[in-house]
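Data first, discussion second: the structure below is written as structure tokens.
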Amino acid sequence: MSNKMWGGRFQSAPDQVMEAINASIDFDKRLYAQDITASQAHARMLAATGILPPDDVDRIVEGLQAIRGEIEAGTFTFSTALEDIHMNVESRLTEMIGPAAGRLHTARSRNDQVATDFRLYVRDTLDRMDEALKGLQLALLDKAEAHADAVMPGFTHLQSAQPVTFGHHLMAYVEMIGRDRGRVQDARKRMNESPLGAAALAGTSFPIDRRMTAEALGFDGPMANSLDAVSDRDFVLETLSAFSILAVHLSRFAEEIVIWSSAQFRFVKLSDAWTTGSSIMPQKRNPDAAELIRAKTGRIMGALTSLTIVLKGLPLAYSKDMQEDKEPAFDAIDAAELAVAAMTGMVKDMEPVRERLAAAAGAGFSTATDLADWLVRELKMPFREAHHVTGRIVGLADGKGCELAELSLQEMQGIEPRITEAVFGVLSVENSVKSRTSEGGTSPENVRAAVRAWRERLG
């Protein structure tokens, strides 16, 4: 038997394999709330424009609300034979209110229906993500403020470079997440137009009011071109692109947490809440949450690649290929939201081991640049010459197996006679970070000022 929702042209039922490949209900049922909301808005518009009788529309709207309740209560039966969420809802509505349910699809196609539902879903996702990222920023701000003066090694090439503060390091991620929020907010602004009323691809001859439905659904207005309205998936691509960049940021931070929490570094401690044990090695405390955040980046970026490839060869307007837009997007959205929640939890939980950070901050001749700067500032030496002199002093300390501050004045004067006792004022890591007062620098006061500025921005 053909599908009763669309099978007038067909004489027999589809093959079982065809039914399986064609069905999307297993994953697009999560669009139920958006589908029902959009259908209610469409029905009310049909009544307001005189296209449908008000009594029928009242029954449709009430029936849809009852279906929402069934789905949320877990009593709704989803059917693969009905393919997708739209036809499952409409079929149940027909069971509940009879022939009036068949009027709901007037002046509408599944093409503009799914485009509208998916936009509403992605918009809800972007709103949730923006709020979640704000929460992550606030967690970072709290931790950065508490440890604004905790010195630690700053790295380039994962080699000790110059001392920074733990607070300054965390504030770098506040900035990154701020840019991520900007991309999320920008994507939301650009996608906030309504496809509803574009119908299959050409619009409709019914006197519909697209602006009424757009306003009812919180869109800024209707999309201007009906072909574009049903075929556009830019809003998904842009969301996945923004989430991919976010995932890269989270993954970089997760990698640092994995390194920092290792026995070899011991820069931070994570509690039992964000670590797991080993089945064979009782001493192990594994940073699995951080490792899984790192891994989920591949899933998120993979979804972006997948959808880009699906869309790249499609002519206008709608093709069934576009059914493949949802499953990877849903997976990536779930992964991104979970990763942000886990990172926020770890940031709140982790505690820096300040004495370990301080000891590591002074290793590897990390104040060598401070020495070179002192030679330039106090002895008026050209920087390239100061760099060369400092390199020789570092070589001397390295040969003796000591740090720069442990050299005697006489030993340094053996390389540059004009060096004075005052040089020791710049060789400690504490003085080094305090001196980095340039805008954006690592000094504790800079960190505290940056925290205050961000708190004001976040409200």
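Output the residues belonging to segment 259-310 that are open to solvent by 70 Å² or more (accessible area, probe 1.4 Å) and of a type in the set (Lys, Arg).
Once the filter is applied, which keeps residues that are open to solvent by 70 Å² or more (accessible area, probe 1.4 Å) and of a type in the set (Lys, Arg), segment 259-310 yields Arg266, Lys269, Lys284, Arg285, Arg294, Arg299.
If you check Glu215 against the conditions, is it open to solvent by 10 Å² or more (accessible area, probe 1.4 Å), within 21 Å of Met322 (Cβ to Cβ) and assigned to a helix (DSSP H, G or I)? So that I can check it myself, show each step before the final result.
Values: open to solvent by 10 Å² or more (accessible area, probe 1.4 Å): yes; within 21 Å of Met322 (Cβ to Cβ): no; assigned to a helix (DSSP H, G or I): yes.
Spelling it out, it is not the case that Glu215 is open to solvent by 10 Å² or more (accessible area, probe 1.4 Å), within 21 Å of Met322 (Cβ to Cβ) and assigned to a helix (DSSP H, G or I).
So which residues in segment 408-448 are more than 30 Å from Leu140 (Cα to Cα), open to solvent by 50 Å² or more (accessible area, probe 1.4 Å) and not small (Gly, Ala, Ser), if there are any at all?
Answer for segment 408-448, where residues must be more than 30 Å from Leu140 (Cα to Cα), open to solvent by 50 Å² or more (accessible area, probe 1.4 Å) and not small (Gly, Ala, Ser): Gln410, Glu411, Gln413, Pro417, Arg418, Thr420, Glu421, Phe424.
So, in segment 21-52, how many residues would count as being within 36 Å of the chain's Cα centre (by Cα), part of a helix (DSSP H, G or I) and not charged (D, E, K, R)?
Pass one, segment 21-52, residues within 36 Å of the chain's Cα centre (by Cα): 21-45.
If we keep only those that are part of a helix (DSSP H, G or I) as well, we get 21-22, 25-45.
Right, trim to not charged (D, E, K, R) and you get 21-22, 25, 27, 31-34, 36-43, 45.
Summing the residues that are within 36 Å of the chain's Cα centre (by Cα), part of a helix (DSSP H, G or I) and not charged (D, E, K, R) in segment 21-52 gives 17.
For segment 103-115, does any single residue satisfy the condition of being in contact with a Lys or Arg (Cβ under 8 Å, 6 or more places away or on another chain) and either open to solvent by less than 10 Å² (accessible area, probe 1.4 Å) or at pLDDT 95 or above (or both)?
Within segment 103-115, none of the residues are in contact with a Lys or Arg (Cβ under 8 Å, 6 or more places away or on another chain) and either open to solvent by less than 10 Å² (accessible area, probe 1.4 Å) or at pLDDT 95 or above (or both).
How many residues does segment 348-389 hold that are of a type in the set (Lys, Arg), in contact (Cβ under 8 Å) with a residue 24 or more places away in the chain and under 22 Å from Arg436 (Cα atoms)?
Count: 2.
Could you check Gly98 against (1) touching a residue at least 24 places away in the same chain (Cβ under 8 Å); (2) under 30 Å from Asp56 (Cα atoms) and say which number it fails?
Result: Gly98 passes all but (1).
Limited to segment 160-212, what total is found for residues that are under 17 Å from Asp228 (Cβ atoms), in a loop (DSSP other than H, G, I, E, B) and not polar (S, T, N, Q)?
10
Is there a residue being touching a residue at least 12 places away in the same chain (Cβ under 8 Å), in contact with a Gly (Cβ under 7 Å, 6 or more places away or on another chain) and either surrounded by fewer than 19 Cβ atoms within 10 Å (Cβ to Cβ) or not aliphatic (A, V, I, L, M) (or both) anywhere in segment 169-177?
no
Scan Val347, Val429, Val376, Val423 and give me the residue that is under 30 Å from Leu170 (Cβ atoms) and not assigned by the TED database to the domain that holds Ala254.
One residue alone meets the criteria, Val429.
Which condition does Ala405 not pass, out of (1) touching a Ser or Thr at 6+ places or on another chain (Cβ under 7 Å); (2) buried (at least 20 other Cβ atoms within 10 Å of the Cβ), if it passes all the others?
(2)
Return the residues of segment 221-268 that are in contact (Cβ under 8 Å) with a residue 60 or more places away in the chain and of a type in the set (Lys, Arg); say none if nothing qualifies.
Selection gives Arg233, Arg266.
Residues of segment 390-429 being in contact (Cβ under 8 Å) with a residue 40 or more places away in the chain and outside any helix (DSSP H, G or I), which ones?
Glu403, Glu416, Ile419, Thr420, Leu427, Ser428
Can you name every residue in segment 120-160 that is closer than 20 Å to Val429 by Cβ, open to solvent by less than 30 Å² (accessible area, probe 1.4 Å) and of a type in the set (A, V, I, L, M, F, W, C)?
Those that are closer than 20 Å to Val429 by Cβ, open to solvent by less than 30 Å² (accessible area, probe 1.4 Å) and of a type in the set (A, V, I, L, M, F, W, C): Ala144, Ala148, Ala150, Val151, Met152.
Just the residues that are surrounded by fewer than 18 Cβ atoms within 10 Å (Cβ to Cβ) and over 13 Å from Arg418 (Cβ atoms), please, taken from segment 370-393.
Once the filter is applied, which keeps residues that are surrounded by fewer than 18 Cβ atoms within 10 Å (Cβ to Cβ) and over 13 Å from Arg418 (Cβ atoms), segment 370-393 yields Asp373, Pro382, Phe383, Arg384, His387, His388, Gly391, Arg392.
Under 6 Å by Cβ, and 6 or more places apart or on different chains, what pairs join a residue from segment 115-142 that is among the acidic types (Asp, Glu) with one that is open to solvent by less than 30 Å² (accessible area, probe 1.4 Å)?
From residues that are among the acidic types (Asp, Glu), the pairs are Asp117/Leu31; Asp117/Gln34; Asp117/Asp35; Asp117/Ala38; Asp130/Val184.
In this structure, does Phe27 turn out to be touching a Lys or Arg at 6+ places or on another chain (Cβ under 9 Å), within 28 Å of Glu324 (Cβ to Cβ) and modelled with pLDDT under 95?
yes
How many residues are open to solvent by 20 Å² or more (accessible area, probe 1.4 Å) and over 20 Å from the mean Cα position of the chain (by Cα) when one looks only at segment 327-367?
13
Return the total of residues in segment 227-258 being open to solvent by 30 Å² or more (accessible area, probe 1.4 Å), under 30 Å from Ala199 (Cα atoms) and either over 13 Å from the mean Cα position of the chain (by Cα) or among the β-branched types (Val, Ile, Thr) (or both).
Residues flagged as open to solvent by 30 Å² or more (accessible area, probe 1.4 Å), under 30 Å from Ala199 (Cα atoms) and either over 13 Å from the mean Cα position of the chain (by Cα) or among the β-branched types (Val, Ile, Thr) (or both) within segment 227-258 amount to 4.
The values are calculated or read from the model by the stated rules, or taken from the named source; none is laboratory data. Just so it is clear, the model here is predicted, and its values are computed rather than measured. Quick reminder, even Gly has a Cβ in these numbers, built from the backbone with ideal geometry, and neighbours come from all protein chains shown. These area figures cover heavy atoms from the full protein model, side chains too; ligands, DNA and RNA do not enter into them. Shrake-Rupley method; radii C 1.70, N 1.55, O 1.52, S 1.80 Å.
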